[in-house]
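No lab work stands behind these numbers, since they all come straight from the coordinates. Since the model is a prediction, treat every value here as computed from it, not as a measurement. A quick note on method: Cβ atoms are made from the backbone with ideal geometry, for glycine too, and the neighbour counts reach across all protein chains shown.
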Amino acid sequence: MKRVWRGPALLLVVGTGVAAGQVAQGRPVAAVVFLLAFVLLAGVTSPLVFPRPVGAREARRRSAADGRPVVFWRPGCTYCLRLRLRLGRRARRLHWVDIWRDEAGAQAVREVNDGNETVPTLLVAGRAYTNPDPAWVREQVSSPR
């Protein structure tokens, strides 16, 4: 749980330091700009950008019931963030599993990726897809089931 927030926390600490340095040099406007940039980066790399995660078993159960894909992800993953941002509002239609919070999810990812925790990994109709194209994922979410 703690490592999920390490990157965003580090960005906030560095941003605060940079902003303090700018204030000390008499540049309050630059300090505000830097601080806002670092806060934005911390927010984007935090788990807050992603829909609320569920456990792998619950995600698979829900997927079997409603036919929606399951996305295995982890905070700090740039490919996961790219997928999340490209999906926009459609991201809420998928079942998101944070593999750092759910050992069963991490195990499921390792099983389909030769022992590696490569994310994002999607399960669509029981079949795994590693780092799929976001446009293809949008089609899967938009298509009627």
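Mind checking whether some residue in the stretch 51-64 is in a loop (DSSP other than H, G, I, E, B), among the small types (Gly, Ala, Ser), farther than 17 Å from Arg84 by Cα and in contact (Cβ under 8 Å) with a residue 40 or more places away in the chain? Break it down into steps so the answer makes sense when it comes.
Of all residues in the stretch 51-64, those in a loop (DSSP other than H, G, I, E, B) come to 51-55.
Restricting the remaining residues to those that are among the small types (Gly, Ala, Ser) gives 55.
Adding the requirement that they be farther than 17 Å from Arg84 by Cα leaves 55.
Then drop every residue that is not in contact (Cβ under 8 Å) with a residue 40 or more places away in the chain, which leaves 55.
Yes, the stretch 51-64 contains at least one residue that is in a loop (DSSP other than H, G, I, E, B), among the small types (Gly, Ala, Ser), farther than 17 Å from Arg84 by Cα and in contact (Cβ under 8 Å) with a residue 40 or more places away in the chain.
In the stretch 23-44, the residues that are touching a residue at least 24 places away in the same chain (Cβ under 8 Å) form Cβ pairs under 6 Å with partners that are surrounded by 13 or more Cβ atoms within 10 Å (Cβ to Cβ), at six or more places apart or across chains, as follows: Phe38/Leu11; Phe38/Gly15; Leu41/Leu11; Ala42/Pro8; Ala42/Leu11; Ala42/Leu12. If you go through the stretch 10-22 one residue at a time, how many are over 17 Å from Ser46 (Cα atoms), surrounded by 14 or more Cβ atoms within 10 Å (Cβ to Cβ) and of a type outside the set (S, T, N, Q)? Count: 2.
Count of the stretch 72-93 residues, restricted to those that are over 15 Å from Ala135 (Cβ atoms) and of a type outside the set (S, T, N, Q), is 11. Look through the stretch 88-142, keep the residues that are without any contact (Cβ under 8 Å) to a residue 40 or more places away in the chain and on the phi > 0 side of the Ramachandran plot, and return whichever of them is nearest to the chain's Cα centre (by Cα). Residue satisfying both the conditions and the ranking: Gly88.
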